[in-house]
Amino acid sequence: QVYSTTIGGRETLTLDDGSQIELNTNTSVRVAYEGSRRNVWLDKGEAYFNITHDPARPFVVTLGNRRVTDLGTKFLIRRDQDRIQVALVEGKARFDAALNPARSQQTVLTPGDIVTATAESVSLKREPGQALSNQLGWRRGMLVFDHATLAKVADEYNRYNRTKLVIAGIDARRLTISGTLPATDLGAFTRLATKFFNLRVERREGEIVVEKNFPNSFRG
């Protein structure tokens, strides 16, 4: 079975065994229970997994040539075009960097571990519980930023909205903010940008452009 969400959409799947998968914006998964194995493919997007552990029926999430196996777990997976990130919230999970056993690089994750895989590398780091909680803000419809550049803020908003946020100019892109904002309310961000940074906001077809509010005599 194939399940998917639109841009800005969220959906919670409850599977036959009681496991739950929460799909974030623009996400697609396939689910197939085959004999003693429970298989899920995350084709794109982001999902939070709350798995009913059963040693006799492994729960496996496949991400291209990577794989996550439940060991009694709550975990978050984000699959972008150029990287995969797995964050372990509770319990344990095993991350395999390749499906070929002869070449596989296995890592057992414990709470706070975040593994990031690209075409060239696999890296592991630990984050405090608050950082993981911030990453899960989307589950309540919010984006949580901690000293994030406006360039990063725009990238995140553009995952959730068809109207695209454009931060024009390197000076504006380097500005940083901390705070919690609604994922699908671009107006909340633009109000903050004009109030605290004195940025100029221009609405165009299909996008909102934010840039430094230079005096007219200095604008080209």
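The values are calculated or read from the model by the stated rules, or taken from the named source; none is laboratory data. What you see is a predicted model; the values in this text were computed from it and never measured. In this analysis, Cβ positions are derived from the backbone assuming ideal geometry, glycine residues included, and neighbour counts consider all displayed protein chains. Just so you know, the surface numbers come from the protein's heavy atoms only, side chains and all, with ligands and any DNA or RNA stripped out. Shrake-Rupley method; radii C 1.70, N 1.55, O 1.52, S 1.80 Å.
Inclusion of Arg10 among residues that are basic (Lys, Arg) and either touching an Asp or Glu at 6+ places or on another chain (Cβ under 9 Å) or closer than 23 Å to Gly137 by Cβ (or both) is warranted. Looking at the structure I just gave you, is Leu88 under 30 Å from Gly169 (Cα atoms), in contact with a Leu (Cβ under 6 Å, 6 or more places away or on another chain) and not in a loop (DSSP other than H, G, I, E, B)? No. The sole residue among Val68, Val115, Val60 that is open to solvent by less than 10 Å² (accessible area, probe 1.4 Å) and without any contact (Cβ under 8 Å) to a residue 24 or more places away in the chain is Val60. Residue selection: Arg103 satisfies the criterion of being over 17 Å from the mean Cα position of the chain (by Cα) and at pLDDT below 95. Are any of the residues in the range 80-103 crowded, with 17+ Cβ neighbours inside 10 Å, touching a Pro at 6+ places or on another chain (Cβ under 7 Å) and over 20 Å from Arg159 (Cβ atoms)? Looking for residues that are crowded, with 17+ Cβ neighbours inside 10 Å, touching a Pro at 6+ places or on another chain (Cβ under 7 Å) and over 20 Å from Arg159 (Cβ atoms), one finds at least one in the range 80-103, hence yes. Under the condition of being outside any loop (DSSP other than H, G, I, E, B) and of a type in the set (Lys, Arg), the residues counted in the range 1-59 number 4. Take Ser121 and tell me if it is open to solvent by 40 Å² or more (accessible area, probe 1.4 Å) and either hydrophobic (A, V, I, L, M, F, W, C) or farther than 30 Å from Gly72 by Cβ (or both). Answer is no for this residue. Can you confirm whether the range 32-39 contains a residue that is without any contact (Cβ under 8 Å) to a residue 60 or more places away in the chain, of a type outside the set (A, V, I, L, M) and in contact with a Pro (Cβ under 6 Å, 6 or more places away or on another chain)? Yes, there is a match, as at least one residue in the range 32-39 is without any contact (Cβ under 8 Å) to a residue 60 or more places away in the chain, of a type outside the set (A, V, I, L, M) and in contact with a Pro (Cβ under 6 Å, 6 or more places away or on another chain).
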